[in-house]
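Visitor: The structure's right below; bear with me while I get my questions together.
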Amino acid sequence: MISIKDIAKIQKTIVWTMHDSWSFCGAEHHPNVLEYDERYKTGYYWNNKPASTKGIDLCRHVWNKKKKYLQKKEIVFISPSSWERDCLNQSKLFSNKQCIVIPNVISKEIFKPLDKLAIKKLLNIPADKKILGFGAAYDIDNPKGIKGSYYLLKTLENLQKPEGYFLVIFGNASEVFTSKLKIDFFNSGFIYNQNILSMLYNACDVFILPSLIENLPTTALESIHCGVPVVAFNVGGTKDIVEHKINGYLAKPYDVDDLLVGVEYCVSNYRALSEDCLKKVKKDFDNDNIINQHLEVYKTILDNSKTG
């Protein structure tokens with residue numbers, strides 16, 4: 001791992017792909033959205049630290065290091081989402097830096113529509129119920145975590161006919177989490193094989209993404225590649241993937257009732273939404289185009305270095 005000080009020693013233009021908000025924040029990977037934390041816009045000072053931050057203000061310390069060593073560096077940022085780009089453009093540290101939006105790539109050979117009935121039979125998932133998907137690599141058991149498991153549980157509690165639904169979970173969900181579920185479920189645990197992960201997506205009718213904040217969520221990308229609509233809060237870069245009532249549903253942030261409306265809407269309109277998921281992939285997430293965009297960034301930098 002390279003330190004902030006060592007990054008500053010690089011004597012070339014730096015191309016920095018932002019997979020989270022750490023670059024323009026302090027030590028945190030995302031702003032604290034529940035406390036309306038906007039220190040990344042105003043600067044990190046002794047008098048504007050969030051109420052939840054106790055003791056040493058590590059975020060302020062790290063931010064000051066970035067300001068000292070990186071603010072004047074020649075950096076070109078690549079953001080997977082328009083939201084992350086906008087945040088960088090509003091940041092105290094790097095508002096004057098170039099930032100290009102280029103989405104992440106997903107393997108289309110793996111994440112694609114498969115035979116739903118065959119997969120349900122293979123995985124012993126009921127064919128006569130509406131299948132909901134939920135998954136995350138971490139933070140599932142944390143009720144205050146950014147993956148929003150609390151909001152998922154509340155949404156499922158409010159289902160009108162819970163006996164008609166079945167939940168597929170992938171990720172690190174413990175018995176502490178699953179014991180709170182009010183509907184039948186299949187807990188796959190953490191999936192290392194992407195082919196199996198694709199099968200799990202394809203078993204679903206809707207994928208629920210109740211995250212409090214996201215950049216360009218991989219789970220949502222994988223889901224629409226499989227033709228499965230996504231229900232999510234309208235936060236972060238999720239709107240770059242999910243178009244409201246076209247290939248999914250964007251609920252009002254942290255509104256459980258609206259998240260439930262989204263689940264019911266996507267279940268009722270699955271076929272049309274599924275078709276539009278695949279149209280969205282073809283239009284905005286073509287891998288060859290994404291690769292060419294990356295190459296163009298480096299080509300432009302090299303050309304400028306020759307003429308400059």
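The values are calculated or read from the model by the stated rules, or taken from the named source; none is laboratory data. As the structure is a computational prediction, the values presented were derived from the model and not from experiment. Using ideal geometry, Cβ is built from the backbone for each residue, glycine included, and neighbour counts are taken over all protein chains shown.
Visitor: Counting only residues that are part of a loop (DSSP other than H, G, I, E, B) and under 21 Å from residue 214 (Cα atoms), how many does the stretch 251-285 have?
Guide: 5
Visitor: When you scan the stretch 16-23, do you find a residue that is in a strand (DSSP E or B), modelled with pLDDT of 90 or more and surrounded by fewer than 17 Cβ atoms within 10 Å (Cβ to Cβ), even just one?
Guide: Step one: of the stretch 16-23, the residues in a strand (DSSP E or B) are 16-17.
Checking the rest, the ones that are also modelled with pLDDT of 90 or more come to 16-17.
With surrounded by fewer than 17 Cβ atoms within 10 Å (Cβ to Cβ) added as a condition, the list becomes 17.
Yes, that holds for at least one residue.
Visitor: I'm trying to understand the selection: among the residues of the stretch 213-222, which are in contact with a Leu (Cβ under 8 Å, 6 or more places away or on another chain) and assigned to a helix (DSSP H, G or I)?
Guide: Within the stretch 213-222, 219, 220, 222 qualify.
Visitor: Name, by its number, the condition in (1) part of a strand (DSSP E or B); (2) surrounded by fewer than 16 Cβ atoms within 10 Å (Cβ to Cβ) that does not hold for residue 192.
Guide: For residue 192, the exception is condition (1).
Visitor: So, in the stretch 143-189, how many residues would count as being of a type in the set (A, V, I, L, M, F, W, C) and touching a Gly at 6+ places or on another chain (Cβ under 6 Å)? So that I can check it myself, show each step before the final result.
Guide: Looking only at the stretch 143-189, we keep the residues that are of a type in the set (A, V, I, L, M, F, W, C), and these are 146, 152-153, 156, 159, 166-170, 173, 176-177, 181, 183, 185-186.
Adding the requirement that they be touching a Gly at 6+ places or on another chain (Cβ under 6 Å) leaves 168, 170.
Summing the residues that are of a type in the set (A, V, I, L, M, F, W, C) and touching a Gly at 6+ places or on another chain (Cβ under 6 Å) in the stretch 143-189 gives 2.
Visitor: Does the stretch 170-189 hold any residues that are in a strand (DSSP E or B) and closer than 13 Å to residue 135 by Cα, and which are they?
Guide: Passing the criteria: 170, 171, 185, 186, 187.
Visitor: Condition check: over 16 Å from the mean Cα position of the chain (by Cα), among the charged types (D, E, K, R) and within 20 Å of residue 116 (Cβ to Cβ). Does residue 306 satisfy that?
Guide: Against the criterion (over 16 Å from the mean Cα position of the chain (by Cα), among the charged types (D, E, K, R) and within 20 Å of residue 116 (Cβ to Cβ)), residue 306 does not qualify.
Visitor: Let me ask you something else. For the stretch 159-169, state whether one or more residues are under 28 Å from residue 81 (Cα atoms), outside any loop (DSSP other than H, G, I, E, B) and at pLDDT 95 or above.
Guide: Here is the first cut: in the stretch 159-169, the residues under 28 Å from residue 81 (Cα atoms) are 168-169.
If we keep only those that are outside any loop (DSSP other than H, G, I, E, B) as well, we get 168-169.
Narrowing further to those that are at pLDDT 95 or above: 168.
Taking every residue of the stretch 159-169 in turn, at least one turns out to be under 28 Å from residue 81 (Cα atoms), outside any loop (DSSP other than H, G, I, E, B) and at pLDDT 95 or above.
Visitor: So which residues in the stretch 28-85 are among the β-branched types (Val, Ile, Thr) and part of a loop (DSSP other than H, G, I, E, B)?
Guide: Result: 53, 56.
Visitor: Now, a different point. Find all pairs meeting these conditions: Cβ atoms under 9 angstrom apart; at least six residues apart or on different chains; first residue within the stretch 66-84 and among the hydroxyl-bearing types (Ser, Thr, Tyr); second residue part of a strand (DSSP E or B).
Guide: From residues that are among the hydroxyl-bearing types (Ser, Thr, Tyr), the pairs are 79/17; 79/99; 79/100; 79/101; 81/101; 82/101.
Visitor: Something else: When residues of the stretch 248-306 are filtered for being surrounded by fewer than 17 Cβ atoms within 10 Å (Cβ to Cβ) and in contact with a Gly (Cβ under 7 Å, 6 or more places away or on another chain), how many remain?
Guide: Total satisfying the criteria: 1.
Visitor: Just to be sure I understand, how many residues within the stretch 96-125 are surrounded by 14 or more Cβ atoms within 10 Å (Cβ to Cβ) and part of a loop (DSSP other than H, G, I, E, B)?
Guide: Adding up the residues that qualify gives 12.
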